[in-house]
Each structure stands twice: as C-alpha cells, then as structure tokens.
Amino acid sequence: IGLVPTAVYNDVRNSKARVVSTVSLVRSKSPWAFMAIAGAEHGAPKWIFLNSISANPVTHLEDVTEKLRSHLTHDTEKRVMDKQASVLIERFLHRVLTTEALLLPRKKQRALDEMQVVLKHYLKQAESAGDNERKELMQAALSLLDIPATEEERPDLDAVAEAWLDLICEIWYDKLISRRRVKPLRLKDVRTDLKKNPLSSENIRTAFSRISSAQPIHTRVVSAIVGVPD
C-alpha cells in the first residue's frame, strides 16, 4: 500500500508547487496562509500571515498570532491535499517571493527605498554626462532591487540594505551632529546631501560587489498552514 493515495498522487504529480517541510491544510471560506520561514545565514526566523493570495504579509508577531487564533478555532476542519490545494500553496509561495522586501525590518525597507531614489538620480546624471561606466554601475546596483520572481539566483536583500546603510553612514553622521532640530533624523533627510555630494563609483562598486546570493525565500518555508476553500 502506498503512503500517498493513488487519486491524490495523480492529482499532484504534475504540479509545479514547491515543497515545504510541513503543510497542514484546513477548510476555509476564503484562501489564507500562515508560514514559518527560516532565516538566511544569520537572520532570525520569521512568521508571516497572508489574508489572501494578493495580500501583503502580516509580519508583526502579535498580529500573526491574533490572525491564527481567529482562523483556527474548535470548529476548524482538516482538509486533504489535492490539486486545488497544491496550486494554492504554489500561489502563496509566489506571493511571499514577490513581497520579500516587506519581510525586512522597517529601517531596511526604507534603506532600499532611498537607495533606489538616490541611485536613479545618479543614473540620470551619468546619462546626461555621457558617463557610460558610471551609468552601467548604477544600472547594476539598481538591478539588485528588481530581480524577477522567476529567477532562482537572488541577492540577499538584507545584505543589500546593510550595504547601503554602510555607504551613507558618514554622511548620516555628519548630518546628525550638525543638525539643530530635535526631531529624529530619518533616512530621507540625507537624500539631498547624497544628491549634492554623490557617492563615488569606487565606493558603490566595492559595497555592492560583496553582495552574495541568498537561498530564495520560498525555499526557506519550513512550515505552513493553508486555508483552502472547497
């Protein structure tokens, strides 16, 4: 007797759904998913909740646990794996992949946003000046933020954010000690300084040449609970 019933095997054997370590399926009126994701090399594990296939992930631990409590009750019924469930899992994994940046701490999310704004400004300057070498460098750096979801080789976005924060730390510190206002210094507050005094190509090249590839986030999902409608 096989471990997997023949009918289920026939339904899912041609599915392209990526396998996670443990998947529990429950009956639900609408699709939802909880996932536990292992950290990258030095990152902490993450818990996320997706209210729908198109939703942004809920990442705050208390919010995730509240969502789980509301979706998993004494009346919740288990559900068997079939082709519909397999396709739904694949779609949720793809959603996690396309919203990967939202799983970073807020400061690093903002760092990536500012990096994009500033480097696009440098790119336009290089194009206007006819500086092809700097133009190609800016394009390469910006490409780290725009890897298609279909690509398996992906940069570690956490490391990209760290590289940007390291790049701007001197300007950040100068701004911090020279300012007169009491309000906290935000990352976008040094944007004008970075545009007026552009970072050197050498420093940018050195910072981003050290970015390594990370295991794609959808392959680091170690456990999942998925609500599947009938």
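The values are calculated or read from the model by the stated rules, or taken from the named source; none is laboratory data. Predicted, not measured: the structure shown is a model, and the values here were computed from it. Cβ: placed from backbone, ideal geometry, glycine included. Neighbour counts: every protein chain shown. Just the protein is used for accessible areas: all its heavy atoms, side chains included, with ligands, DNA and RNA removed. Shrake-Rupley method; radii C 1.70, N 1.55, O 1.52, S 1.80 Å.
How many angstrom lie between the Cα centre of the stretch 192-230 and the Cα centre of the stretch 31-71? Their Cα centres are 19 Å away from one another. Take every Cα pair under 8 Å whose residues are at least 6 apart in sequence, average their separation, divide by the length of the chain, and the relative contact order is 37 percent.
What's the FRET efficiency of Asn56 with Lys78 using the Cβ-Cβ distance as r and R₀ = 25 Å, to the nearest 0.05?
For R0 = 25 Å, the calculated efficiency reads 0.35.
Of all the options Lys46, Lys188, Lys196, the one that moves most in a Gaussian network model of the chain with Cα springs shorter than 10 angstrom is Lys196.
Straight-line reach from Lys78: taking Cα to Cα under 24 Å and skipping same-chain neighbours fewer than 8 places apart, the lysines in range are Lys16, Lys29, Lys67. With a ≥ b ≥ c the root eigenvalues of the C-alpha gyration tensor of the stretch 105-149, is it rounded (a/c under 1.5), prolate (a/b larger than b/c) or oblate? Oblate, since a/c reaches 1.5 and b/c is not below a/b.
Coupling constants for the stretch 217-227 follow from the phi torsions by the Karplus curve (6.51 cos²θ - 1.76 cosθ + 1.60, θ = phi - 60°), and in residue order they are 4, 5, 8, 9, 6, 9, 7, 8, 10, 10, x Hz; glycine and proline get x.
Taking max minus min of the alpha-carbon positions on each principal axis, the stretch 67-182 gives extents of 62, 41, 19 Å, largest first.
Taking a ≥ b ≥ c as the square roots of the eigenvalues of the Cα gyration tensor, the stretch 134-229 is classed as oblate, since a/c reaches at least 1.5 and a/b does not exceed b/c. Listed by chain and number, the aspartates and glutamates placed with their C-alpha closer than 17 angstrom to that of Lys83 are Asp11, Asp230; residues fewer than eight positions away on the same chain are left out. Answer rounded, prolate or oblate for the chain, using the Cα gyration tensor with square roots of eigenvalues a ≥ b ≥ c: rounded when a/c is under 1.5, else prolate when a/b is larger than b/c, else oblate. Prolate. Straight-line reach from Lys196: which lysines fall under 22 Å, measuring Cα to Cα and dropping same-chain residues less than 8 apart? The qualifying lysines are Lys120, Lys124, Lys135, Lys175, Lys188. Calculate, for Glu133 and Leu176, the FRET efficiency according to 1/(1 + (r/R0)^6) with r their C-beta to C-beta distance and R0 25 Å; round to the nearest 0.05. Step by step, r from the Cβ atoms, then E = 0.15. Rolling a 1.4 Å probe over the heavy atoms of the protein chains gives the chain an accessible area of 62 Å² per residue. For the chain, the antiparallel share of DSSP beta bridges with both residues in that region comes to about 70%. I'd like the orientation of helix 157-178 relative to the chain: the angle between its Cα long axis and the longest Cα principal axis, in ° from 0 to 90, rounded to 10. Value to nearest ten degrees: 40.
Counting only protein heavy atoms, what percent of the accessible surface of the stretch 114-230 is carbon or sulfur at a 1.4 Å probe? List each step's numbers first, then the result.
Numbers: 3230 of 6820 Å².
Of the solvent-accessible surface of the stretch 114-230, carbon and sulfur hold 47 percent.
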